[in-house]
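Here the structure comes first, spelled out in structure tokens, and everything after it is commentary.
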Amino acid sequence: LAVPVGEPYTIEFNNQDPGQIHNVNVYTDQTASESLLQPPLEGGITGPDSTTYQGDPIEEPGTLFFQCDYHATSMTGTFVVAEAQGGGGGS
């Protein structure tokens, strides 16, 4: 997953796993001790279903961590916050 630095973002989450509850949460690192998105665990969805998460702007570029809080050892990934790519040509 990747988002631009300093801009609000959305995650369109589509759980296609029948009968299983999942969510998405974004953390500063793999310790999962500081959440940046913080959906409540009650906010997980049982598949098949979908939801949209709204994230506040993240002001520093970097590589963060995301996981399903219900399956934290197997459903994880990298969450990149990057500067927008310029259209070019200036001096």
Skipping prolines and chain starts, which residues have an amide H placed within reach, meaning under 5 Å, of the one on GLY55, given they are 5 or more residues away or on another chain?
TYR9, THR10, ILE11
Over the chain, calculate the relative contact order: mean separation of alpha carbon pairs under 8 Å at least 6 apart, over the residue count, as a percent.
38
Using θ = phi - 60° and the Karplus relation 6.51 cos²θ - 1.76 cosθ + 1.60, list the HN-Hα couplings for the stretch 47-53 in order, rounded to whole Hz, with x at every Gly or Pro.
x, x, 6, 9, 8, 10, 9
Once ligands and nucleic acids are excluded and a 1.4 Å probe is used, how much of ASP56 is accessible, expressed in Å² to the nearest 10?
110
Mind checking which of THR78, THR31, THR63 has the largest fluctuation in a GNM of the chain, springs on alpha carbons under 10 Å?
THR31
Figure the gain on full extension for ASN14 and ASP56 (residue separation times 0.36 nm, minus the Cα-Cα span) and round it to one decimal in nm.
13.1 nm
With a ≥ b ≥ c the root eigenvalues of the C-alpha gyration tensor of the chain, is it rounded (a/c under 1.5), prolate (a/b larger than b/c) or oblate?
prolate
With Cβ to Cβ distances under 15 Å as the rule, what net charge do the other residues near TYR70 carry (K, R +1; D, E -1)?
-4
The long-range amide H neighbours of LEU37, using H built 1.01 Å from N in the peptide plane and a cut-off of under 5 Å, are VAL26
One would report the antiparallel percent of DSSP beta bridges in the chain, rounded to the nearest 5, as 85
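The values are calculated or read from the model by the stated rules, or taken from the named source; none is laboratory data. From a predicted model like this one, the values you see are computed outputs, not experimental measurements. Ideal geometry is used to build each Cβ from the backbone, glycine not excepted, and the neighbour counts take in all protein chains shown. Side chains included, ligands, DNA and RNA excluded: accessible areas come from the protein's heavy atoms. Shrake-Rupley method; radii C 1.70, N 1.55, O 1.52, S 1.80 Å.
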